[in-house]
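Here the structure comes first, spelled out in structure tokens, and everything after it is commentary.
We did not get these values from a lab; they are worked out from the coordinates using the rules stated. The shown structure was predicted, so the numbers you read here are calculated from the model rather than taken from an experiment. Cβ coordinates were reconstructed from backbone atoms using ideal geometry, including for glycine residues, and neighbour counts include every protein chain displayed.
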């Protein structure tokens with residue numbers, strides 16, 4: 001799994017259309033999501049990630065350390081295939097992405113985890129902070 005961490009002031013995401021037929025349907029009210037003061041995590045699940053039993057735990061440990069360093073408590077997960085050329089099959093990736101959302105909600109609390117839907121084209125506006133730890137990349 002590859003990840004980018006951005007420490008942000010705010011994020012606005014609009015789901016514009018399905019990129020995959022298997023993407024979940026959204027009600028019009030669910031297509032726009034706003035998020036303030038936290039960390040945006042852009043992630044790409046890669047071939048072999050489905051075999052890593054401790055993947056989510058390692059990600060959580062690293063993310064928790066980052067959240068502590070930047071003094072943030074909220075996370076917004078954003079599936080971002082452009083981080084890798086070795087992507088996991090979409091059906092497995094979708095299942096793992098939503099499992100990761102659930103895992104983080106259990107660890108950080110329901111209200112501290114937001115996410116963009118898997119398998120959708122999206123437009124977004126983001127205001128990233130400007131300090132030495134504001135942008136980091138990770139490989140798990």
Here the residues within the stretch 5-48 that are touching a residue at least 60 places away in the same chain (Cβ under 8 Å) and touching a helix residue (DSSP H, G or I) at 6+ places or on another chain (Cβ under 7 Å) are 5, 7, 20, 22
Residue selected from the stretch 90-121 under the condition touching a strand residue (DSSP E or B) at 6+ places or on another chain (Cβ under 8 Å) and more than 21 Å from residue 32 (Cβ to Cβ), by the criterion surrounded by the fewest Cβ atoms within 10 Å (Cβ to Cβ):
108
Considering the stretch 49-63 alone, what residues qualify as being touching a residue at least 40 places away in the same chain (Cβ under 8 Å) and either under 17 Å from residue 5 (Cα atoms) or in a helix (DSSP H, G or I) (or both)?
49, 50, 55, 56, 58, 59, 60, 62, 63
Can you give me the number of residues within the stretch 62-82 that are within 22 Å of residue 95 (Cβ to Cβ) and out of contact with any strand residue (DSSP E or B) (no Cβ under 8 Å at 6 or more places or on another chain)?
0
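One line per residue, one yes/no per condition, for (1) in a loop (DSSP other than H, G, I, E, B); (2) under 15 Å from residue 2 (Cα atoms); (3) within 15 Å of the chain's Cα centre (by Cα):
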residue	(1), (2), (3)
22	yes, no, no
33	no, no, yes
67	no, no, yes
93	no, yes, yes
101	no, no, yes
114	no, no, yes
122	no, no, yes
133	yes, no, no
Inter-residue pairs, beta-carbon under 9 Å, first in contact (Cβ under 8 Å) with a residue 24 or more places away in the chain and at positive phi and in the stretch 117-140, second part of a strand (DSSP E or B) and surrounded by 14 or more Cβ atoms within 10 Å (Cβ to Cβ), 6+ apart
119/18; 119/79
